[in-house]
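The values are calculated or read from the model by the stated rules, or taken from the named source; none is laboratory data. Quick caveat: nothing in here was measured; it's all calculated off a predicted structure. Note that each Cβ is placed from the backbone with ideal geometry, even for glycine, and that neighbours are counted across all protein chains shown. Calculation scope for accessible area: heavy atoms of the full protein, side chains included, ligands and nucleic acids excluded. Shrake-Rupley method; radii C 1.70, N 1.55, O 1.52, S 1.80 Å.
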Amino acid sequence: LLKKSEFIALDAASTLSGVRQRFSIPDGVIYMNGNSLGAMPKSVGDSLSAFVEKEWGQDLIRSWNVNGWYVLASQLGEQVSRLIGAAPDEVIFSDSTSVNLYKLVVTALNIKSQRKKIITDTDNFPTDLYILEGVAKSFGRGIEIEVVDRKDVIDCIDRDTALLTLTQANYRTSELYDLQEVSKAAHRQGALVLWDLSHSCGAMPIDLNGANVDLATGCGYKYLNGGPGAPAFLYVAKRWQEQIDQPLTGWMGHKAPFAMSADYVPAEGITQMLTGTPPIASAICLREGLSVFDGISLTDVRAASMEMGKLFIELTDDLCRDYPLSLVSPVDGERRGSHIALRHENAYALMQELIANGVIGDFRAADIMRFAFTPLYLRYIDVWHAVAVLRTILETESWNKPEYATRAAVT
Ligand SMILES: *Cc1c(COP(=O)(O)O)cnc(C)c1O
């Protein structure tokens, strides 16, 4: 077991240790919730000031042209493309992950127009499941959604499967799918594959082109640090772009929005996936989040995150072994995303007390605490402190407070 001084030494030796200065992290806070809302890059302050004082404040509507507002969605797409192994013209930012899922699922059904089945797993993120329900209800032609256990996913794909859609890193357990293997299994049956990368993009290298992925989307405000409600990206492989037929045909996806014609004619390529006017203030925050990745290797980020996770597991095994905590995530770092879930029957109260003591993770019903390992701004020594605080809270039972009996609206 490593000693405290050795955690400090790991920080000193880390190739990423300077990156933390680019984020706003309050003193006394150990932020372990980057899988839910990434920390704020400090440069957001200047960029939003420029937006307020100059761009919107002075240049007003001219900013669409002179300050690049109009091309921001595709520029951000180019920025994220290298983080997910896509070509720059295969990715664009638009709407939320939920809305993009809707557009992409319908696109897949229109491409595979002879097939009726969509497969996903029971443990997928709720919005993914809800959107599929909504598609089945509104799309017609007897679409069936098969929601199956993750171990049965591959066996369920058959010649009637239009689409397999999954989230790469499970939001609760952190368990990863093998993106390449699972995509291959879908393709063997002639199905398309749509990956939700919300819990993996920005946390690890992803190679969409290498895995021959058809469609993908992912969240801007988690590991990409784009701020609350940041736009999400969507990816359509080049080979399908000629066949895009998406349902939310708004003017920003039109070939010539300012021709103001009465008929919809889709733009070329990925641009036709757009719908309406993007939220520019939010996109500016996201630009700063993505800029942090310039010159940074996701291989380094991933390696440090796995190492922090391993140390966290070893420390909790040792310091908290007398308490009824259990590890929900895979022990093998290669098989999990960048967060770790621990189960405890009083998980909600425990997490509230951790937060009150400066260790910010989160709670997921029914009994799970999540801790994210984001080496861009989390230090090894923070991991040491977090477990020490957890141990003290368990030992003193300070989590046992009446105010933790009722849950807040957002957990
Ligand atoms: C966070 C997350 C989302 C969020 O969707 P929104 O539309 O931004 O609310 C979707 N899917 C997964 C897997 C997520 O982790």
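Before I look further, what does the chain give for accessible area per residue, probe 1.4 Å, in whole square angstrom? Intermediate results must be reported in sequence, preceding the final value.
Working: 17600 Å² over 411 residues.
Solvent-accessible surface per residue comes out at 43 Å².
Measure nothing but the geometry: give the 0 to 90° angle between the long axis through the Cα atoms of 126-139 and the longest principal axis through the Cα atoms of the chain, rounded to 10°. The angle comes out near 20 degrees. For the pair Phe139 and Trp251, label points projected 7 Å from Cα toward Cβ lie 3.0 nm apart. Debye sum, Cα scatterers, the stretch 91-224, no solvent: what log₁₀ I/I(0) at q = 0.11, 0.20, 0.22 1/Å? After summing over all Cα pairs, the log10 values are -0.33, -1.22, -1.52. Taking Ser74, Ser398, Ser338 as the candidate residues, the one with maximal mean-square fluctuation in a Gaussian network model of the chain, Cα springs under 10 Å, is Ser398. Computed from the C-beta positions of Arg188 and Glu395 and an R0 of 51 Å, the FRET efficiency is 0.45 to the nearest 0.05.
Ellipsoid fit via the Cα gyration tensor, the chain: semi-axes of 37, 27, 19 Å, each the root of five times an eigenvalue, largest first. Orientation-averaged projection of the stretch 165-231 equals 4.6 nm² [convex hull of Cα atoms, one quarter of hull surface area].
Report the charge-dipole magnitude of the stretch 85-182 in Debye, nearest 20, computed about the Cα centre from +1 at each Lys and Arg Cβ and -1 at each Asp and Glu Cβ. Intermediate results must be reported in sequence, preceding the final value.
On the way: 11 positive and 17 negative charges, 94 e Å.
Using Cβ point charges on Lys, Arg, Asp and Glu, the stretch 85-182 gives about 460 debye.
Taking 13 Å as the straight-line reach from the Cα of Lys401, the aspartates and glutamates in range (excluding those fewer than 8 positions away in the same chain) are Glu353. Taking all protein chains together and a 1.4 Å probe, the residues Trp399, Trp64 rank Trp64, Trp399 from largest to smallest accessible area.
Taking the C-alpha atoms only, the angle from helix 179-188 to the longest principal axis of the chain is near 40 degrees. Leaving out ligands, DNA and RNA, and with a 1.4 Å probe, what % of the accessible surface on the chain is carbon or sulfur? Summing carbon and sulfur atoms, their accessible area is 53 percent of the total for the chain. Considering helices alone, the calculated mean residue ellipticity of the chain at 222 nm is -10500 deg cm²/dmol, with DSSP H runs of length four and up weighted by -39500 (n - 2.57) and normalised per residue. Among the protein heavy atoms, those of His344 account for about 10 Å² of accessible surface (1.4 Å probe, every chain in place). What the Cα convex hull of the stretch 107-153 gives, in volume per residue, is 72 Å³.
Quick check on the chain: of the DSSP beta bridges with both residues there, what percent are antiparallel, nearest 5%? Mind dumping the intermediate values first?
On the way: 22 of 41 bridges.
In the chain, DSSP labels about 55 percent of beta bridges as antiparallel.
Short to long, the 10 Å bins of the Cα pair-distance histogram for the stretch 186-282 hold 14, 37, 35, 13, 1 percent of all pairs.
Considering only Ala230, Ala304, Ala356, the Gaussian network model of the chain with Cα springs below 10 Å gives its largest mean-square fluctuation to Ala356.
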